1. When both residues are 6+ apart or on different chains and their Cβ atoms are under 6 Å apart, which pairs have a first residue that lies in region 480-493 and is under 11 Å from THR263 (Cβ atoms), and a second that is assigned to a loop (DSSP other than H, G, I, E, B) and open to solvent by 90 Å² or more (accessible area, probe 1.4 Å)?
2. Checking the structure you have, find out if any residue of region 198-215 is buried (at least 17 other Cβ atoms within 10 Å of the Cβ), among the acidic types (Asp, Glu) and in a strand (DSSP E or B).
3. Taking region 486-500 only, how many residues are of a type in the set (Gly, Ala, Ser) and open to solvent by 80 Å² or more (accessible area, probe 1.4 Å)?
4. What tally of residues in region 261-302 results from selecting those that are touching a residue at least 40 places away in the same chain (Cβ under 8 Å), part of a loop (DSSP other than H, G, I, E, B) and basic (Lys, Arg)?
5. Got a number for residues in region 459-488 being more than 20 Å from the chain's Cα centre (by Cα) and not in a helix (DSSP H, G or I)?
6. Residues that are under 30 Å from HIS178 (Cα atoms) and open to solvent by 30 Å² or more (accessible area, probe 1.4 Å): find the strands (runs of 3 or more DSSP E) completely inside region 20-124 holding 1 or more of those.
7. Test LYS274 against the stated conditions and say whether it is over 21 Å from LEU430 (Cα atoms), of a type in the set (Lys, Arg) and over 14 Å from the mean Cα position of the chain (by Cα).
8. Return yes or no: is ILE375 surrounded by fewer than 21 Cβ atoms within 10 Å (Cβ to Cβ) and either of a type in the set (Asp, Glu) or touching a Lys or Arg at 6+ places or on another chain (Cβ under 8 Å) (or both)?
Amino acid sequence: MASRRSIRGGGNLHSQRTGNKSIKITLIEDEPELGFTWSKYGNEYGKTQGKQLQKYCCTKCRSIYDKKKKTAEDAQPIPCLIFNIEENKFESENPNHEHYCIPQNLNQIRGKEVARNELAKIKDTRDKPAAVHVKLAESITRRFGNRTEEVKLDIARAAAPSKTAYSKAATRVANSLHPNIKKITQLDDEKHSEFKLTLGGEVRQNPEEKYVLWNDDENIIFGSPYYITLFMMAHEIFLDGTFKYRAVGFDQCYRIFALVNETVVVPVFTILMKGKSTESYTKIFNAISNLVNNVPIAALYAHFDCEIGAVNAFRLTPCFLNVTPKMCTFHVRNNMHKKYQKLGLTGAFPEDVEKFINKFSTRVGGIQHVPIGLIDESLDVLRIHLQQAVDDRVIEVHIHALLSTFLEEYFIPTWIEISLGRDFFSVADLVTNRTNNYAEIFHSHQSKYYSKKRSEQCSLGCFMYEDRLLQNYMELDAKLKLSGRRAAPEKNDAGDVKIATHRRKLLENLQLLRGSRHDEILKRLYHLGKAAGNN
C-alpha cells in the first residue's frame, strides 16, 4: 500500500442530496496530488473503553464492495480507520485492510466537494438548476482562482462532468426538500400532520396555527389564523386566479387578497381548486364563510376580473353580504385595446383621424367612471359625436363603421349589458382602487416565489412547501409594516384626485345647466377616461 503524507482530520463533503457528510482525506506521500477519502461507517462506539470512537471506511473501496455484494460476487473486506472524536485524531494511521480502489486525484475531490456544496445551498436559496450551475462556476473561480487554468478546468470537470447531469442533480435536491404529497387524501397521513401547520405552528407545536385551513376531495384552502384576522378587518378585498403556478391535478390557484391599510395588501387565502364553475366557487366561499362563523367582514368592496361564476357565488356568501363586487377597470381597458387591435383601429392613419380614433376610445373608457344614471345618455352622446365626425368629414365612412361596431357590437353587449349588472361594471362610487392590479401584480411575480412554473412539474407537496415559506414571509412583512417597523409603500393618489375632480365638475355643470349637456358630457368622458389610463 502507498504510504501517507498526512491525514486531514476534519473535512466536510456534502452529500448528493442535502446536509453534510463528514469525511476524512488521507494523502499519498510519494504522490501528493492523490489521496483516499473516508466516510463514516456504522455508529459511534467505545463507551465501555471510556472513549468516543467512530469507524471510517474508504469511500471508493466501499463503493466497489457494495456493487459486488449486489451481484453476489466475493468481495474483499473494506479498509477502515478508527477515529477518536474527543481527541480529534485517528487511533492509527494504517487501515485494517489493504485498499483495492484507485486513489483519487485531489482535483476530483475538490470538484466533488464544491459541486455538492452548491447543491446543499438549494435548501436555503431554492435556486433553479441553471442558477445553481452558474453559482458553481463562480464558486470554483472564487475558491481556486489562484491556481493554474489546468487545475481549475480539472476541478470544473470533476464538479460537473455534464451540465445536464448537474442540472438533474439540482432538481433532485429541490424535490427532496418537500414532502411526497401528490393527492389531497395524503394530507390525512399522520406523518404530514406538522406540515399542515404554519411554519410558526410547527416550531411551537401549536395545532391551532393551521396552514391547511380546510379541504375536501377537490379543493384546499391555505392560510393562517393571523390571515383570517386581516381578512375580517380588511378595507377592501381583491380576488384573482392563476393557471401558471398550481399543483398537478388542480385547474387553478385562486387567491383572496386583503387591503388592510392604504397600501398593505396580503394574500390571506390561497386556494387550489379543481373546477371554475359557480358551484366550485360557492363551495370555496362558503368554506371561508364558515371559517369566520358567517360573520360579515368589514370590507365594502371586492375587486374582480370578469369571472361571472365567482361573482355570482360571492354575492350569495354570508360573510360577503355587505361587500359590493366591482369590475376591474384595467381588465376592461385591456380588453378594449385588444378589440381595437382586432378591428384594425390601432394601425397607421392620418394624424387627425388617428387622434379622433384614440380620443373616441378614451371617451368610451370614461363611461365606466360616470354615475350609472348617466351611462345611457353618455352612449347617446358618443353616437351623435361619431355621426358628426362623418358629417364634418373628420373620418371616413369605413372608420365610422369600425367605431360603431366597436361601440354597439362589442362594448355595450360585453360591458354595459353584462349579466352581473351595471352596478358591477360602474366604478363611479369608488374613491380609489378601481383595478384588481394588487392581485394581478402578485401573480405576475410568481416566478420569484415558486421554482416550478408548469403545473405538470409541481406536485402538491412541492407547491405547499414553497407556498408555506412564502406565506410565512408575507405574514412577517405585514406585521412589520402594520406596526410601523417597516415602511409601507406610499399611496399615489394623483389619478384618484383627477377622476374625482372631473366627476364632480360633470355633476355640478349638468345640475346648473352650464352650457350644452352634450358638450359637457363629451368633455368629461375624455378627461375621466384619460385620468383612468384609457389613453
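The values are calculated or read from the model by the stated rules, or taken from the named source; none is laboratory data. This is a predicted model, so every value here is computed, not measured. Glycine also receives a Cβ, built like all others from the backbone with ideal geometry; neighbour counts cover every protein chain displayed. Note: areas computed on protein heavy atoms with side chains; ligands, DNA, RNA excluded. Shrake-Rupley method; radii C 1.70, N 1.55, O 1.52, S 1.80 Å.
1. Pairs found: LYS491/GLU262.
2. The answer is no; no qualifying residue exists.
3. Filtering region 486-500 down to residues of a type in the set (Gly, Ala, Ser) leaves 487-488, 494-495, 500.
Filter once more, so that each one left must be open to solvent by 80 Å² or more (accessible area, probe 1.4 Å): 487.
The number of residues fulfilling the criteria is 1.
4. 1
5. Result for region 459-488: 6.
6. Working: elements: 20-28, 34-40, 53-58, 80-84.
Passing ranges, in order: 20-28, 34-40.
7. Yes.
8. Values: surrounded by fewer than 21 Cβ atoms within 10 Å (Cβ to Cβ): yes; either of a type in the set (Asp, Glu) or touching a Lys or Arg at 6+ places or on another chain (Cβ under 8 Å) (or both): yes.
Spelling it out, ILE375 is indeed surrounded by fewer than 21 Cβ atoms within 10 Å (Cβ to Cβ) and either of a type in the set (Asp, Glu) or touching a Lys or Arg at 6+ places or on another chain (Cβ under 8 Å) (or both).
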